[in-house]
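For reference, the structure is listed below as structure tokens.
The values are calculated or read from the model by the stated rules, or taken from the named source; none is laboratory data. Predicted, not measured: the structure shown is a model, and the values here were computed from it. So basically every Cβ, Gly included, is an ideal-geometry build from the backbone, and we count neighbours across all protein chains shown.
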Amino acid sequence: MLTLAPLLAALAAAWPTPAPPAPAAHTAQAPAPESGRPSPARPKPTGRGPAAVPRPAITRRFIPLTAQRRRDTAAYAKRHYGRATTTVEPHAIVVHYTVNDSVDATWNTFAPNVADPELRERPGTCAQFVVARNGRIVQLTPVTFLCRHTVGLNWAAIGIEHVGRSDAEVLGNAAQLRASIRLTRWLRCRYGIAVRDVIGHAESLSSRFHRERVAALRRQTHGDFQRSAMRRYRALVRDAGC
């Protein structure tokens with residue numbers, strides 16, 4: 001009987017077994033969520049958003065934030081909003097005008113920690129920023145320090161004063177208005193504040209963030225920056241984007 005063993009051995013020697021394929025390079029994959037749907041792709045940078053919004057030039061000139069003023073501020077927040085704090089939760093921006101003629105006069109009004117003549121309570125009134133007629137932006141307190149500038153909204157709003165005596169005066173001053181929009185844009189985009197929550201003091205009672213525990217003050221507001229003026233202002237803020 002013919003045996004095939006020598007023939008098979010000869011063929012094996014002449015025809016080597018191919019090497020196994022090299023393993024493919026490992027590519028890390030994000031784990032799929034438990035739903036089985038693929039993970040969403042990471043959004044591409046757009047060059048927009050809070051990180052892309054430049055901070056305008058700001059001069060820091062803080063009013064004295066003494067220990068007594070901080071205690072008075074916390075007590076005010078407790079009376080009016082139910083929580084003792086000196087910190088704002090930024091949800092809105094309120095636009096004002098000063099009814100005076102200079103940053104110095106505004107600083108001198110806000111610096112003393114004395115009861116205000118209108119509502120007769122402490123701490124003294126203040127706003128976080130004031131914009132001069134020439135467009136210079138001055139910061140009066142840390143951005144999130146709770147200032148008394150708008151009854152019912154101080155817990156949630158950043159206040160921007162404008163040196164001037166009327167809506168029309170401020171809106172008609174190109175340098176001042178341009179600086180104001182830059183400041184509002186930076187703050188709005190930094191804190192995720194909606195355009196509709198950029199309001200004039202005169203619009204405070206209609207704000208969705210208005211809260212006031214003192215019944216006698218629940219309809220308290222002022223007349224600066226009426227809705228008609230703020231429609232124009234908000235349009236400029238909206239056009240500025242983030």
Quiz item: Considering the stretch 185-242 alone, what residues qualify as being surrounded by 13 or more Cβ atoms within 10 Å (Cβ to Cβ) and hydroxyl-bearing (Ser, Thr, Tyr)?
Solution: Tyr191, Ser204, Ser207, Thr221, Tyr233
Quiz item: What are the residue pairs meeting all of these: first residue in the stretch 52-63, first residue within 18 Å of Ser102 (Cβ to Cβ), second residue surrounded by 11 or more Cβ atoms within 10 Å (Cβ to Cβ) and aliphatic (A, V, I, L, M), Cβ atoms under 7 Å, and 6 or more apart or on different chains?
Solution: Ile58/Ile137; Thr59/Ile137; Thr59/Val138; Arg61/Val138; Arg61/Leu140; Phe62/Leu140; Ile63/Ala111; Ile63/Leu140
Practice problem: Tell me, please, whether a residue that is touching a helix residue (DSSP H, G or I) at 6+ places or on another chain (Cβ under 6 Å) and of a type in the set (Ser, Thr, Tyr) can be found in the stretch 92-110. | Solution: yes
Practice problem: Taking the residues in the stretch 75-90 that are surrounded by 14 or more Cβ atoms within 10 Å (Cβ to Cβ) and of a type in the set (A, V, I, L, M) as candidates, determine which candidate is farthest from Leu217 (Cα to Cα). | Solution: Val88
Quiz item: What pairs come up if the first residue lies in the stretch 164-176 and is under 12 Å from Val95 (Cα atoms), the second is of a type in the set (Lys, Arg) and assigned to a helix (DSSP H, G or I), and their beta carbons are under 9 Å apart, counting only those six or more places apart or on different chains?
Solution: Leu171/Arg232
Quiz item: Within the stretch 125-145, restricting attention to residues that are assigned to a loop (DSSP other than H, G, I, E, B) and either in contact with a Cys (Cβ under 9 Å, 6 or more places away or on another chain) or of a type in the set (S, T, N, Q) (or both), which residue is surrounded by the fewest Cβ atoms within 10 Å (Cβ to Cβ)?
Solution: Asn134
Practice problem: Consider only pairs whose beta carbons are under 6 Å apart and that are at least six residues apart or on different chains; among these, list those whose first residue lies in the stretch 122-138 and is aromatic (Phe, Trp, Tyr) and whose second residue is outside any loop (DSSP other than H, G, I, E, B). | Solution: Phe129/Gln139; Phe129/Ile160
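Residue-by-condition table, conditions (1) touching a Phe, Trp or Tyr at 6+ places or on another chain (Cβ under 9 Å); (2) in contact (Cβ under 8 Å) with a residue 40 or more places away in the chain:
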{"site": "Leu153", "(1), (2)": "yes, yes"}
{"site": "Ala156", "(1), (2)": "yes, yes"}
{"site": "Ile160", "(1), (2)": "yes, yes"}
{"site": "Trp186", "(1), (2)": "no, yes"}
{"site": "Gly192", "(1), (2)": "no, yes"}
{"site": "Ile199", "(1), (2)": "yes, yes"}
{"site": "Glu212", "(1), (2)": "yes, yes"}
{"site": "Arg219", "(1), (2)": "no, no"}
Quiz item: Do the conditions hold for Asp72, that is, is it loosely packed, with under 14 Cβ neighbours inside 10 Å and modelled with pLDDT of 55 or more?
Solution: no
Practice problem: Would you check which residues across the stretch 49-69 are of a type in the set (Lys, Arg) and buried (at least 16 other Cβ atoms within 10 Å of the Cβ) and list them? | Solution: Arg69
Quiz item: How many of the residues in the stretch 83-124 are in contact with a Lys or Arg (Cβ under 6 Å, 6 or more places away or on another chain) and either within 18 Å of Pro64 (Cα to Cα) or not in a loop (DSSP other than H, G, I, E, B) (or both)?
Solution: 4
